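A quick write-up on the structure given underneath.
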Amino acid sequence: MKRILPFFLALTLTPFVSALRATDQPIDMERAKDLFQRSQAGGKLTEEEQKYLDEAKRQRETQQGGGGQEREKMRALREKIERGEKLTDDEQKTADEIRRRMAAEQSGGDFTWDKARAAHEKEQRGETLNDDEKKLLSEARKHFEEGRGPDSDPAKPSANAPQRLQNPSGDRAQVQDDFPWEKARSAHEKEQRGEPLNDDEKKILEAAKKRLAEGRGPGRPGGNPQGRPDAQRPPLAPPPKDLVPLNELNGKYKEQDGGLYGGGKNEPPAEHAAFAHRAVAEIKPLDREGKPAADGKIVLMSIGMSNTTMEFSSFVQIANADARKAANVVIVDAAQGGKDATAWASADAQPWKVAAQKLEGAGVSASQVQAVWIKQALMGPHAGFPSETERLRDRVREIVTLAKQKYPNLRVAYLSSRIYAGYASTPLNPEPYAYEGAFAVRWLIGEQIQGAPVLNADAAKGEVKAPVLLWGPYLWTNGEAGRKSDGLVFKREDLSGDGTHPSGSGRDKVAKLLLDFFTSNEMAKTWFAK
C-alpha cells in the first residue's frame, strides 16, 4: 500500500513525544513536550520536572520493546561514528545485520497500516483510543521514526534511518547538522501561540526558515537546494502535465467540468450570491460581547495547516500596511503547521484551543470573528480520485459547521484550495491531489447551494448552521505554464526544498492574491476596505 501515513514524518523533531500514546502510567504529552523543548532551549528544570521528563523518556524506551540489546549496540556504533571514528568491516556488518533484524521484527508485511491510519484520524478528532488502537498507533510511529513505512523494504537500509549509520566513511562534515532545530521549533511554536520572540529567537527562527527553504531541514544535513528527492527515497510519480486551472477548464477532468462553481462558471449562481450579499451586509464592528459598537472590531481569521499559516502570515503583514484596509478590521492568523483538515474536524481538537489563544493574543474575542479564510488539505493522500477528494470535502464540512458553533457571529467563509505541488519530493500532498482539492471546495459549496440542511446558511429557512460558503482566491496554476487569466506562475524557487511548502516568494504571491481579493471582490471589499 503506497503513500500511507507519511504525516508521521512530521513528528521527527520530537520523536520521544510522539511515542507517548500508549504508556504504562498516565503521561501528559503536552507537558512532556513543553519540558523537553524548554530543556533543549537551555531552560532549567526543577527536580520534579526533570523526573517527569525522565519518566517520559523511559516509557518511550519501554515502548520500543524487544531488541533492547541490539538497540544498545546500534547506539554504541552510532556514537563511535559521531566521534569521527570509522567503523571496522565487522562493526559495519553488525550494524547492517541489526538494522535488518529490527526491521524484520517491526515492519512485517502484515502490519495493518489502514487500521493505524484510522486510529490516527480518530485521535486527531479528539476521540478516545482503546488499548489496541494506542498500541497500534505507537507501533506505526515507531516504524516511521526508523524509516519503516508501508513502502519500505525491511532488508534494505531505510531512507529515513539515521544518516550516520548509512555512511561508512564516518565523515563528520557529511553526517552531522549542528543547527539547533529544537530551539527553532520552540521559537516557532512560541510564535504560533502569539507570544513575542526575543532577538535571539527571531534570528534562529529566520535561520531555520531559510534552511528549510533551501531544503536543508533536520535529517538532511547535506542540504538539497534544488529540492530533489533524497538519494534513497523513491521519487514520486511525475505530475500530470496537462492539468488546466479549474477557473479556465473548458473540457473535462475525470468527468468533472470546469469553473469554480461548476458549469464553467466562476461566479456563484444568483440565488447563492443573494444569500452571500445578505450575509456580508450583516458584517459590522462588534464589541467583545458581539454587540454592534462604533469602536468595535471585525475579525478575519485563517483556518488551516502549514501552507495556510505561511501564506496568511505574509498577508497579515502587507494588509496591515495597506491604506485600503479598514481600521476596524483585525486579521488573525490561526492556521497551524501540521494541522491538516482531520486535525480540525473535532469540537475539542487542539487547533481550536490554539485559535482561541491567537484571538486573545490579538485583543479580540470569538464573538468578533465574522469572516474566515479556510485553506485545507489532507496529509498523505493515497486512495486517488474521487475518494481522497470526498474525504477532504467531508472534513472541511465538519470544520465550517464547527466554526459557526465556536464563532456565533461568523457570516462568511472564503475557501481556497492548494497551490501547485508539481515540484514535491515527498508524499505529503503531491499532485494531482493539490489540484483535485479544488473539487472538494466546489462540491462543498455546491451542497450549500443545493440546500443541504447541515449547511443551511439562510436565516429565513431556520437555524443558521454554517456561514455562507464562497470561493476565496483560487491559487493553483500549472507551474511555469501559468494561467491565462492573470499570468500567475509558480516556479521552482517559489517552493521550498520539499516542493510542497511555499518559499518566501511563493508566500508573497499568495499574500498578494489574498489582498487583491479582499480589496476588490464584491463579496469582501464592502467590509474589508475603507
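In segment 387-410, the residues that are of a type in the set (S, T, N, Q) form Cβ pairs under 9 Å with partners that are modelled with pLDDT under 95 and part of a helix (DSSP H, G or I), at six or more places apart or across chains, as follows: Thr401/Val454; Thr401/Leu455.
Considering each residue of segment 434-446 in turn, none proves to be part of a loop (DSSP other than H, G, I, E, B), touching a residue at least 12 places away in the same chain (Cβ under 8 Å) and in the same structural domain as Val299 (by TED's automatic domain parsing). Scanning segment 378-424 for residues that are of a type in the set (A, V, I, L, M) and more than 12 Å from Gly437 (Cβ to Cβ) returns Met379, Ala383, Ile399, Val400, Leu402, Ala403, Leu410, Val412, Ala413, Ala424. Residues in segment 367-406 that are more than 29 Å from Tyr253 (Cα to Cα), surrounded by 24 or more Cβ atoms within 10 Å (Cβ to Cβ) and not aliphatic (A, V, I, L, M): Gln368, Gln370.
More than 17 Å from Ser425 (Cα to Cα), basic (Lys, Arg) and modelled with pLDDT under 95: is that true of Lys512 in this structure? Criteria not met by Lys512.
Checked against the criterion of being in contact (Cβ under 8 Å) with a residue 24 or more places away in the chain, out of contact with any strand residue (DSSP E or B) (no Cβ under 7 Å at 6 or more places or on another chain), surrounded by fewer than 21 Cβ atoms within 10 Å (Cβ to Cβ) and assigned to a loop (DSSP other than H, G, I, E, B), the candidates Ala294, Ala327 yield just one match: Ala327. Of Ala362, Ala341, all but one fail to be in contact (Cβ under 8 Å) with a residue 24 or more places away in the chain, under 24 Å from Arg185 (Cα atoms) and in contact with a helix residue (DSSP H, G or I) (Cβ under 9 Å, 6 or more places away or on another chain); the exception is Ala341. Looking across segment 174-218 at every residue that is assigned to a helix (DSSP H, G or I) and exposed (fewer than 14 other Cβ atoms within 10 Å of the Cβ), the one that is modelled with the lowest pLDDT is identified as Gln174. Only a single criterion out of (1) without any contact (Cβ under 8 Å) to a residue 24 or more places away in the chain; (2) of a type in the set (D, E, K, R); (3) assigned to a helix (DSSP H, G or I); (4) closer than 30 Å to Phe275 by Cα is not satisfied by Glu493, namely (4). Figure legend. Inter-residue proximity from segment 260-274: first residues closer than 14 Å to Pro245 by Cβ and among the hydroxyl-bearing types (Ser, Thr, Tyr), second residues modelled with pLDDT of 95 or more and not in a loop (DSSP other than H, G, I, E, B), beta-carbon distance below 6 Å, spacing 6+ or different chains. No pairs are indicated. Checking each residue of segment 246-253 against the condition of being at pLDDT below 95 and of a type in the set (A, V, I, L, M) gives no match.
Just give me the residues in segment 397-431 being assigned to a loop (DSSP other than H, G, I, E, B) and under 18 Å from Leu488 (Cβ atoms), in sequence order. Walk me through it before giving the result.
Just the residues of segment 397-431 that are assigned to a loop (DSSP other than H, G, I, E, B), to begin with: 407-411, 417-431.
Correct list: Ser417, Arg418, Ile419, Tyr420, Ala421, Gly422, Tyr423, Glu431.
Anything in segment 242-279 that is more than 16 Å from Ile445 (Cβ to Cβ) and either assigned to a loop (DSSP other than H, G, I, E, B) or not assigned by TED's automatic domain parsing to the domain that holds Phe439 (or both)? List them, or say none. Asp242, Leu243, Val244, Pro245, Glu248, Leu249, Asn250, Gly251, Lys252, Tyr253, Lys254, Glu255, listed by residue number.
Listed by first and then second residue, the pairs with beta-carbon distance under 7 Å, at least 6 apart or on different chains, first residue in segment 345-356 and farther than 13 Å from Ile374 by Cβ, second part of a loop (DSSP other than H, G, I, E, B) and basic (Lys, Arg), are Ser346/Arg125; Ala349/Arg125; Val354/Arg193. Checking each residue in segment 462-490 for being touching a helix residue (DSSP H, G or I) at 6+ places or on another chain (Cβ under 9 Å) and assigned to a helix (DSSP H, G or I) picks out Gly479, Glu480.
The values are calculated or read from the model by the stated rules, or taken from the named source; none is laboratory data. This structure is a prediction, so every number in the text was calculated from the model and none was measured. In this analysis, Cβ positions are derived from the backbone assuming ideal geometry, glycine residues included, and neighbour counts consider all displayed protein chains.
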